[in-house]
Amino acid sequence: MLNTKDIWKRFDFPLFAAVLFLSIFGVALISSAIAGNPTLANHPQRQTIFLLIGLVILFIAAAIDYHIWLSLTRPFYIVVAFLLIIVFVMGEARFGAARWLQIGTETIQPAELAKIVAIMAFAQYFSAHINQINQWKTVWQSLLLAGGIALWIFLQPDLKTTIVIAVLWFAMLWISGWKTKNILIFAGVVLVLFVIFVALDFPLLADYQRDRLTNFFNPDPEARYGDTYNVDQALISIGSGGWFGQGYGQGSQVQLRFLKIRHNDFIFSVLAHEFGFVGTVVVLLLLVFVIYRCFAIAAKAPDAYGALLAYGFGILMAFQTLVNVGVNMRLLPVTGLTLPFISYGGSSLVTLLLGIGLVENIHMRTDKKLPAA
């Protein structure tokens, strides 16, 4: 039995250092991205406050044995589902969707917390049914588990987080040992549903979501403004960064506000514009390192629950990074997914730091002298 001192000696300091650097760098980049806009002037300070809160939560999450977190999964699931229902009924609307709850002077986005709860719930369910993972009953029950929170997120409407929940569900099911035959059957069903979905002109989607898909697959080459404007400016920003960028706080695309949405969804373009190809590669390599550490910790976890938990957080960060970069480079439709630790968003940052705390927790309680279960 390890004492507390021995457990903390196993804290993964390289992982923590990479996350801390990315988070601090994110605050600095947000400060440049707001480009003196008075309505956004408090964003760097707010992100700093959320960073400090997130760091406290990270250490709390690391301190409490992750098996205790396992016992709290169901209450967390119920609370988050309840918050999502409240958001659907009376949430604050922004950009055509009600996703935020006003608490005092601050707003929170329960859908961000739902990502963490989904990972915890999937890890709990799949680890408990690891020997029945190829039974369709197990799969359908896990889908109901996902739907219990994904439905309310979709109704906000928030398609991007719904897709994140779906990706987490599928990836964690596959990691749990789902057979290739079953994956192919499921993929075939999804493909048929997608073809029907496209043929019916994307039913169930909000108008702005449908417009994003239409503008991506069939953009108007003559349009200089409108729905494709910011994506066009993002490409210009990335291209004009060159090898080493135009310098922190010096990029004309950002400081003259040609790039309209800068501090959240398109902060990757700000990064490329000000720090160039070299700076972008450094940041992406740090993100890859964080994701790699999550997967490495998962591979050595002492039990299936710990492994799935760490894999889940690694998948979450990998997916968000790929999608955010893809959107900025016009390889994917605009989704609104943030770049982990870099983009502005208090709920997103705190949630990610909570996830890192749980991954650290698993690493601290893995006996290096014994093979993983």
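The values are calculated or read from the model by the stated rules, or taken from the named source; none is laboratory data. Note that the structure is a prediction, hence the values are computed from the model and not measured. Please note: Cβ atoms are built from the backbone with ideal geometry, for glycine as well, and neighbour counts cover all protein chains shown.
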message = I need a count of the residues in region 58-80 that are part of a helix (DSSP H, G or I) and either acidic (Asp, Glu) or surrounded by fewer than 18 Cβ atoms within 10 Å (Cβ to Cβ) (or both).
response = 11
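Do we find a residue being part of a loop (DSSP other than H, G, I, E, B), out of contact with any strand residue (DSSP E or B) (no Cβ under 6 Å at 6 or more places or on another chain) and more than 14 Å from residue 116 (Cβ to Cβ) anywhere in region 348-366? Before you say what the answer is, go through the steps one by one.
Here is the first cut: in region 348-366, the residues part of a loop (DSSP other than H, G, I, E, B) are 365-366.
Then drop every residue that is not out of contact with any strand residue (DSSP E or B) (no Cβ under 6 Å at 6 or more places or on another chain), which leaves 365-366.
Pick out the ones that are also more than 14 Å from residue 116 (Cβ to Cβ) and you get 365-366.
Yes, the conditions are met somewhere in region 348-366.
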ask   = What about residue 178, is it outside any helix (DSSP H, G or I), surrounded by 16 or more Cβ atoms within 10 Å (Cβ to Cβ) and not aliphatic (A, V, I, L, M)?
value = yes
query = If you go through region 235-257 one residue at a time, how many are outside any loop (DSSP other than H, G, I, E, B) and in contact (Cβ under 8 Å) with a residue 60 or more places away in the chain?
reply = 4
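Answer with yes or no whether residue 323 is assigned to a helix (DSSP H, G or I), within 21 Å of residue 158 (Cα to Cα), of a type in the set (Val, Ile, Thr) and within 18 Å of the chain's Cα centre (by Cα).
Values: assigned to a helix (DSSP H, G or I): yes; within 21 Å of residue 158 (Cα to Cα): yes; of a type in the set (Val, Ile, Thr): yes; within 18 Å of the chain's Cα centre (by Cα): yes.
The answer is yes for residue 323.
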Residue, nearest to the chain's Cα centre (by Cα), within region 8-20, restricted to residues that are touching a residue at least 40 places away in the same chain (Cβ under 8 Å) and either loosely packed, with under 14 Cβ neighbours inside 10 Å or closer than 14 Å to residue 358 by Cα (or both) = 19
task = Return the pairs, sorted by first residue and then second, in which the second residue is assigned to a helix (DSSP H, G or I) and among the hydrophobic types (A, V, I, L, M, F, W, C), the first residue lies in region 21-45 and is without any contact (Cβ under 8 Å) to a residue 40 or more places away in the chain and more than 20 Å from residue 258 (Cβ to Cβ), the beta carbons are less than 6 Å apart, and the residues are 6+ apart or on different chains.
result = 44/27; 44/30
key: Matching residues, region 126-170, being in contact (Cβ under 8 Å) with a residue 60 or more places away in the chain and of a type outside the set (A, V, I, L, M, F, W, C)   = 127, 148, 156, 157, 158, 160
key: Every residue from region 58-93 that is over 25 Å from residue 5 (Cα atoms) and β-branched (Val, Ile, Thr)   = 73, 78, 79, 80, 85, 86, 87, 89
Matching residues, region 149-164, being within 18 Å of residue 319 (Cα to Cα), surrounded by fewer than 23 Cβ atoms within 10 Å (Cβ to Cβ) and either touching a helix residue (DSSP H, G or I) at 6+ places or on another chain (Cβ under 8 Å) or at pLDDT below 90 (or both) = 159, 160, 162
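Matching residues to (1) at pLDDT 85 or above; (2) within 30 Å of residue 355 (Cα to Cα); (3) surrounded by fewer than 21 Cβ atoms within 10 Å (Cβ to Cβ); (4) in contact with a Lys or Arg (Cβ under 6 Å, 6 or more places away or on another chain):
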{"position": "211", "(1), (2), (3), (4)": "no, no, yes, no"}
{"position": "236", "(1), (2), (3), (4)": "yes, no, yes, no"}
{"position": "247", "(1), (2), (3), (4)": "yes, no, yes, no"}
{"position": "288", "(1), (2), (3), (4)": "yes, yes, yes, no"}
Residue count, region 289-316 (criterion: without any contact (Cβ under 8 Å) to a residue 60 or more places away in the chain and either of a type outside the set (Val, Ile, Thr) or in contact with a strand residue (DSSP E or B) (Cβ under 9 Å, 6 or more places away or on another chain) (or both)) = 5
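Tell me, yes or no, whether region 260-276 has at least one residue that is modelled with pLDDT under 90 and either assigned to a helix (DSSP H, G or I) or of a type in the set (A, V, I, L, M, F, W, C) (or both). First the steps, then the outcome.
Step one: filter region 260-276 for residues modelled with pLDDT under 90, giving 260-266.
Checking which are either assigned to a helix (DSSP H, G or I) or of a type in the set (A, V, I, L, M, F, W, C) (or both) leaves us with 261, 266.
Yes; the residues of region 260-276 include at least one that is modelled with pLDDT under 90 and either assigned to a helix (DSSP H, G or I) or of a type in the set (A, V, I, L, M, F, W, C) (or both).
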query = Could you count how many residues in region 22-57 are loosely packed, with under 14 Cβ neighbours inside 10 Å and either within 14 Å of residue 356 (Cβ to Cβ) or polar (S, T, N, Q) (or both)?
reply = 5
request  = Kindly indicate which of 299, 310 is more than 13 Å from the chain's Cα centre (by Cα) and surrounded by fewer than 23 Cβ atoms within 10 Å (Cβ to Cβ).
outcome  = 299
